[in-house]
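Asker: Quick one: this structure, given as structure tokens, is what I'll be asking you about.
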Amino acid sequence: METVMLKVDPERPDEDNLKYAAAVLKRGGLVAFPTETVYGLGALISKREAVKRIFEVKGRPLDNPLIVHVNGVQMFLELVEGPPEEVVRLAEKFWPGPLTIVWWKKPLVPDEVTAGLSKVAIRSPAHPVAMKLIELSGEAIAAPSANRSGKPSPTRAEHVASDLYGLVDIIIDAGETIHGLESTIVDLTSSPPRLLRPGALPIEEVERALGVKVEIPHYARGHGEAEVALSPGMKYKHYAPEAELVVVEADDYSSKLADMVAKVRELASRAKEGRKRVAVLCSSETCDEYSDLGVEVFDLGPRRNLFVVAKRLFAVLRELDTRGVEYAVAEGFEERGLGLAIMNRLRKASGGGIVRV
Ligand code: TXA
Ligand code: MG
């Protein structure tokens, strides 16, 4: 298939280009588009064949449901069964933005979208291109991240092209996404609400808005797997680079930082002696500690500003593959604020290769 690349300005996207993309969606086509989190691969929710094709081109397991993208709370209310006031208030507070709400679906949301579940995951993205595209389509857009299943989510159109070129109708290129990490997914049907996936909106902010503690299951921290019925997407290997990745975690990133650095050095040097192509993923504060090892060093960003780390993480994981790295060691980060989502992605990318100091 011929894939059309459409370059648009992220803040003031050319309307003719987006009209064309909306027309392709209405014909049952697939369009990759930027959101403020990562790029998504979209189909209109009513186009069941197109929705099925999303699973095919991504190589996505059929029991892993898609997130539905709406333009505002009104459109959300058309798709779900009478959510209580606190759910609507939460949506109003954080939308448009990187919060995905799981709630009971109306029958008009096709089973293809929710993989047969009776709940649907919905968010209202904050990117001008995504917002305009939904508006012009006149319908909600089902969209998982626009990567081949198992790969890191795309934060640039080139990442999408490298996974899906020739398999989708259009890739809209609006440059780098803002957060670089996917949305935070909360199931509000359970009591207390349950975090299904930490993401770009720190869960502490959701707790503050709701006035209750959210349950954070083991799998939301990136350990183990979710039960199928709970959130299918949590049970598959994810974000994994070709390289073997090991994450070195400390139980305290102030007092044990030096121990963590020593362990990263030890693992990286040992792999290097084994003649492997080695990389270290580190914080800006500690990257200098590895400059004498003769390995590739990737600065993820400062521990004091995890926004930067979150934004760079997926691009760096992809870069490991581009450079043919065979073995990588990543420093851990404190599991607070965005740190929870960063550690979830690192642990999943490592496939459980975790070392503690
Ligand atoms: O930021 C994001 O959320 C991006 C952009 C494109 O919006 N999308 C994204 O989609 O990350 P995806 O498909 O890569 O991840 C969606 C996750 C999956 O883990 C899936 O299992 C879960 O959401 N999910 C979707 N519908 C669900 C449902 N009804 N119940 C529980 N989990 C659901
Ligand atoms: Mg994904």
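Asker: Considering only residues that are free of Cβ contacts under 8 Å to residues at least 60 places away in the same chain and closer than 10 Å to Leu281 by Cβ, look in segment 299-318 and name the one that is surrounded by the most Cβ atoms within 10 Å (Cβ to Cβ).
Answerer: Val309
Asker: Between a first residue in segment 206-218 that is at pLDDT 95 or above and a second residue that is among the basic types (Lys, Arg) and surrounded by fewer than 13 Cβ atoms within 10 Å (Cβ to Cβ), which pairs have beta carbons less than 7 Å apart while being 6 or more apart in sequence or on different chains?
Answerer: Glu207/Lys213
Asker: Considering each of Glu334, Glu285 in turn, give the residue that is part of a loop (DSSP other than H, G, I, E, B) and in contact with a Phe, Trp or Tyr (Cβ under 7 Å, 6 or more places away or on another chain).
Answerer: The match here is Glu334.
Asker: Here is a further query. Touching a residue at least 24 places away in the same chain (Cβ under 8 Å), crowded, with 21+ Cβ neighbours inside 10 Å and closer than 19 Å to Gly224 by Cα: does that describe Ala240?
Answerer: No, not satisfied.
Asker: In addition: Among the residues of segment 75-93, what is the count of those that are of a type in the set (Val, Ile, Thr) and open to solvent by less than 10 Å² (accessible area, probe 1.4 Å)?
Answerer: 2
Asker: While we're on this one: Kindly indicate the residue of segment 168-178 that is of a type outside the set (Ser, Thr, Tyr) and crowded, with 17+ Cβ neighbours inside 10 Å and also nearest to Ser350 (Cα to Cα) among those meeting that condition.
Answerer: The selected residue is Ile178.
Asker: Still on this structure, I have one more. Looking at segment 62-98, which of the residues that are in contact (Cβ under 8 Å) with a residue 60 or more places away in the chain and within 16 Å of ligand 2 (Cβ to nearest atom) is farthest from Lys52 (Cα to Cα)?
Answerer: Only one residue fits best here, namely Pro98.
Asker: Sticking with this structure for a sec: For segment 81-186, give me every one of the strands (runs of 3 or more DSSP E) that falls completely inside it and has 1 or more residues that are away from ligand 1 (no atom under 11 Å from the Cβ).
Answerer: 170-173
Asker: Now for a separate question. Can you list residue pairs whose Cβ atoms sit under 6 Å apart, with the first residue in segment 152-169 being farther than 14 Å from Arg60 by Cβ and the second being open to solvent by less than 20 Å² (accessible area, probe 1.4 Å) and at pLDDT below 95? Count only pairs 6 or more apart in sequence or on different chains.
Answerer: As it stands, the answer is Pro152/Tyr239, since those pairs meet every condition given.
Asker: Kindly indicate which of Gly324, Gly294 is modelled with pLDDT of 95 or more, open to solvent by less than 50 Å² (accessible area, probe 1.4 Å) and assigned to a loop (DSSP other than H, G, I, E, B).
Answerer: Within the list Gly324, Gly294, the selection yields Gly324.
Asker: What is the one condition in (1) away from ligand 2 (no atom under 16 Å from the Cβ); (2) modelled with pLDDT under 95 that Gly150 does not satisfy?
Answerer: (1)
Asker: What number of residues in segment 189-217 are closer than 20 Å to Lys105 by Cβ and open to solvent by 20 Å² or more (accessible area, probe 1.4 Å)?
Answerer: Within segment 189-217, residues that are closer than 20 Å to Lys105 by Cβ and open to solvent by 20 Å² or more (accessible area, probe 1.4 Å) number 5.
Asker: May I pose another question? May I ask you to verify whether Val355 is assigned to a helix (DSSP H, G or I) and over 16 Å from Ala220 (Cβ atoms)?
Answerer: Spelling it out, it is not the case that Val355 is assigned to a helix (DSSP H, G or I) and over 16 Å from Ala220 (Cβ atoms).
Asker: Only one of these conditions is not met by Ala209: (1) farther than 14 Å from Ala310 by Cα; (2) assigned to a loop (DSSP other than H, G, I, E, B). Which number is it?
Answerer: Condition not satisfied by Ala209: (2).
The values are calculated or read from the model by the stated rules, or taken from the named source; none is laboratory data. Since the model is a prediction, treat every value here as computed from it, not as a measurement. Heads up, the Cβs are rebuilt from the backbone with ideal geometry, glycines too, and the neighbour counts pull from every protein chain shown. We work out accessible area using only protein heavy atoms, side chains counted, and drop any ligands, DNA or RNA first. Shrake-Rupley method; radii C 1.70, N 1.55, O 1.52, S 1.80 Å.
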